[in-house]
Amino acid sequence: MNKLKREYQFFKQQSPNVRVLLMTNLLYAFVLPVVEIFVGAYVMRHTSEPVSVAFYQLFMYIGIIATSFVNGFLLRHVSVKVLYAGGILVSGLSMFTMMLVKSLGFVELGIAGFVLGAASGFFWTNRYLLTLNNTTDNSRNYFFGLESFFFSITSITVPLLIGAFISQIDGKEIMGCLIDINGAYRLVTVGVIVVTLFAVAVLWRGKFANPVQKNFLYFRFCTLWKKMLLLASLKGMVQGFLVTAPAILVLKLVGDEGTLGLIQGISGTLTAILVYVLGRIAKPEDRPKIFIAGLLVFFIGTLFNGVLFSATGVIIFVLCKVIFQPLFDLPYYPIMMQTIDAVVKIEKRNEYTYILSHEFGLFLGRAFGLILFMVLAFAISQDFALKYALILVGALQLIAYPLAQNIIKQNQTVR
């Protein structure tokens, strides 16, 4: 109990704006898994084709880029707090958009993906901007460690709670109304919107400033930022592959999703605690060690999957994926923000210039990962894509370690 009290006191020592951002993100952590699970389940239920899911995801990424671009112009006239709040609210309302779609051809999939991506674009880019401007390099390990803890725990518990709620209420009569599966989803959607309203209410307590410089669109950058864009593309590439591959592997080779879900839940909880502890005690110079640990875990997981290509291999791979993602993100985002701090001093530009450019870097990697999977699945076979392309992606990710080390060294010379 004393340890928890000590951690709470440490949280209270953070600046008011940092506390507001963390509390807002804690509430949003309850929303994000619902939106992702709902939309993913809806698409899978209506298509069952991995290529359709990848197509939907590609348009979602295009939506993120589109609104990230528009957001830069809006920042000239609209408070960043308003734009961030809008992203939070629209991401909840996007569930209603999906419910209005009755059939899912490629056109409908593209529109649905773009709408959800548009909401995500407003949320993530303004979140990055607020975090960048209200944290320091020394406090970012703690910030992202605590945030990763929130998102890891809710990504496990929220789907379980929602699944239990839907199964219990389906077919029940409430106030004379018979609740079917669609009615249950509508109730969940209402609950999501209520939580987003609470998140916006918390956000409104913060005092945030917009970028002073208004110009944000540039196409030429210094070598340091080009290296960061390459690192972003590597991160995006693995994201693009992990959109479809794990779900297909589970359906193809495991079958018993309940057992796998339990294993994921236990490992995810332990990883969440580990990431929080690392964020709490790790110093900026420890980031490369955490980075390489995450990369090696993922690469080992892809090797087990490719060599065994069985239920055992898939379970090991999924466990490695669960551990890899927060371990990778914990050092990645502080490195990205440290680099933005450095290049702003070098090039004297608006911070949002680099946040938008970073989204393009992620998009290129995501699109490459998705397209590579689809091309290999069509041109050779789905099994080949699932076995060997994952190993290739895992091996390419190892390049991120020396690249990140080089970026950190250059950042230190600027500081």
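The values are calculated or read from the model by the stated rules, or taken from the named source; none is laboratory data. The shown structure was predicted, so the numbers you read here are calculated from the model rather than taken from an experiment. Cβ atoms come from the backbone with ideal geometry, glycine included; neighbour counts cover every protein chain shown. Surface accessibility is based on the protein's heavy atoms, side chains included, excluding ligands, DNA and RNA. Shrake-Rupley method; radii C 1.70, N 1.55, O 1.52, S 1.80 Å.
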Which ³J(HN,Hα) values in Hz, rounded to whole numbers, follow from the phi angles of segment 215-230 under the Karplus curve 6.51 cos²θ - 1.76 cosθ + 1.60, where θ = phi - 60° and Gly and Pro get x? 6, 9, 9, 9, 10, 10, 9, 6, 4, 4, 6, 4, 5, 5, 5, 5
Could you pull out every one of the aspartates and glutamates with an alpha carbon less than 12 Å from that of residue 252, ignoring same-chain neighbours closer than 8 positions? 383
If you average 1/r over all unlike Cα pairs in segment 221-414 and invert the result, what Kirkwood radius do you get in angstrom? 17.5
Per-residue SASA entry for residue 23, accessible area with 1.4 Å probe, Å² rounded to 10: 80
Using a 1.4 angstrom probe on heavy atoms only, work out the carbon and sulfur share of the accessible area of the chain in %. 68
Keeping all protein chains in position, work out how much accessible area residue 320 exposes to a 1.4 Å probe, and write it in Å² to the nearest 10. 20
Along segment 69-86, what does the Karplus equation 6.51 cos²θ - 1.76 cosθ + 1.60 (θ = phi - 60°) give for ³J(HN,Hα), rounded to whole Hz, x for Gly and Pro? 5, 4, 4, x, 6, 5, 4, 5, 10, 10, 4, 4, 5, 5, 5, 5, 4, x
Through the Karplus equation 6.51 cos²θ - 1.76 cosθ + 1.60, θ set to phi - 60°, convert the phi angles of segment 158-163 into ³J(HN,Hα) values in whole Hz; use x for Gly and Pro. 4, x, 5, 5, 5, x
Magnitude of the Cβ-charge dipole (Lys and Arg +1, Asp and Glu -1) of the chain about the Cα centre, nearest 20 debye, reported as 1520
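Mind checking the per residue accessible area of segment 329-415 for me, 1.4 Å probe, whole number of Å²?
Values: 3400 Å² over 87 residues.
Heavy-atom accessible area per residue stands at 39 Å².
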Past the 21 Å Cα-Cα mark, which pairs from 226/345; 226/409; 81/227? 81/227
Under a 1.4 Å probe, what is the accessible area of segment 178-224 per residue, stated in Å²? 63
Helix-only mean residue ellipticity at 222 nm for the chain, each DSSP H run of n ≥ 4 adding -39500 (n - 2.57), per residue, nearest 500: -27500 deg cm²/dmol
If each part is reduced to its alpha-carbon centroid, segment 198-228 and segment 329-406 end up apart, in Å, by 20
By the C-alpha gyration tensor axes a ≥ b ≥ c (rounded if a/c is under 1.5, else prolate when a/b exceeds b/c, else oblate), the shape of segment 337-409 is oblate
Exposure ranking of 160, 197 by accessible area [1.4 Å probe, largest first]: 160, 197
How much of residue 116 can a 1.4 Å solvent probe reach, expressed as accessible area in Å² and rounded to 10? 20
Leaving ligands, DNA and RNA out of it, rank 347, 108 by accessible area with a 1.4 Å probe, largest first. 108, 347
Hey, of (1) 31, 27, 23; (2) 77, 21, 16; (3) 35, 27, 23, which did the structure itself give for semi-axes √(5λ) of the Cα gyration tensor in Å when calculated? (1)
